[in-house]
Every structure is written in C-alpha cells, then in structure tokens.
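Undergrad: The structure under discussion is supplied below as structure tokens; questions concerning it will follow.
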C-alpha cells in the first residue's frame, strides 16, 4: 500500500479499448454488459478488479479478462474527480498478444516532472516504456514517478459461463460512471 489516506476513497479510472472493443466490469459472479471504446469506473485502492474485453475487431468471439489493481490515487480539485481519472489503455497489440497466450504486466504511473522526457505526443495513445527482462515493472515505474495502477492481461479465463469468487478475487464491485460531457483526452 502506498500514498496517503486510502480508506473508502473510490478513484475514477478510465479504461480504453482500441478499435471499438467492449469493456465490462465484474458484478457478482458475472460481468455487466459493458461499454464500447471506454469505461469510466470507480475502484478502491488495494483489491484486484477483473474485467471482460469482447468485440475485438477482426476477432469475433475472442474474450479476454484483464485485471486492474490500484496502488495509489490522484488528488484532483474537490468535485472534479471524474474529470481526472487514471487512464488505462488496452492496445490491440496487447490484446492479441494475450490471446496468443502471453502474459502482460503494465504499471501505470504518474511521471515525475523532473524526470519526464520533453517529448510531444501527437496521438491519443498512452506513452509506454518496456522493462528489461528480469526487471520488476513496479520498481521501474517507481523510479520514473508514482505508480498508480497495475494492469495484468492474459493467462486466465473463467471455467464456465459464471466466474467464481477466486477468478474475481473477491473484489467489491466497481462503480460505473457516465462519461462526463466535457471529458476529452
């Protein structure tokens, strides 16, 4: 556990799926219908949350089940929490690697402004840095800034149509928010 006061805070997280995929949070022993393109959800720090990704272009029937674990939170101005979610992007490349049996761990971090490269990003794609073989991605992210979330993708699917408590890690359900009208990235 990192950061300051954590008890009870519901941190907004925006999970984006490339090329029209659908992302759905777990609810009970199943998954909600989900939303196409992106999902704005409130998560607590500590539990591991499971999601389902479907409708991946050119891959009908493919389902993937990433997890998100928050390790810290943002501190937006009061009343503006939904304007500043932690962004997590699931790229087409990562989804297809996971479908091939690869396991991906990505740590989403808030850059240290003194260490951030002075590079302009023209696209909407989230910048990333690959850890070297044998390096712990959480340690790498910790050196570059403040780790916020851990995304894990690949490796596990439910045994049947309903996910059991072990598959869902017993996490409380996330709070699904409507996307704010003025929310643009």
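Every number here is computed from the coordinates shown, using simple stated rules; none is lab data. Values in this document were obtained by computation on a predicted structure and should not be read as measured data. Counting neighbours? That spans all protein chains shown, and the Cβs are built from the backbone with ideal geometry, glycine included.
Undergrad: Rounded, prolate or oblate: which one fits segment 6-113, using the alpha carbon gyration tensor with axes a ≥ b ≥ c (rounded when a/c is under 1.5, else prolate when a/b beats b/c, else oblate)?
TA: Numbers: a/c = 1.85, a/b = 1.62, b/c = 1.14.
Prolate.
Undergrad: What distance in nm lies between label points placed 7 Å from Cα along the C-beta direction at residue 166 and residue 57?
TA: 3.8 nm
Undergrad: By per-residue mean of other Cβ atoms within 10 Å, what is the highest-first order of 23-30, 73-80, 58-65?
TA: On the way: 23-30: 17.4, 73-80: 11.8, 58-65: 14.5.
Output ranking for 23-30, 73-80, 58-65: 23-30, 58-65, 73-80.
Undergrad: In what sequence, highest mean first, do 89-95, 37-43 appear when ranked by Cβ atoms within 10 angstrom?
TA: Working: 89-95: 18.9, 37-43: 21.0.
For the peptides 89-95, 37-43, the packing ranking is 37-43, 89-95.
Undergrad: Just grab the label-to-label distance for residue 19 and residue 175, each label 7 Å out from Cα along the Cβ direction, in nm (one decimal).
TA: A separation of 3.5 nm, rounded to one decimal place.
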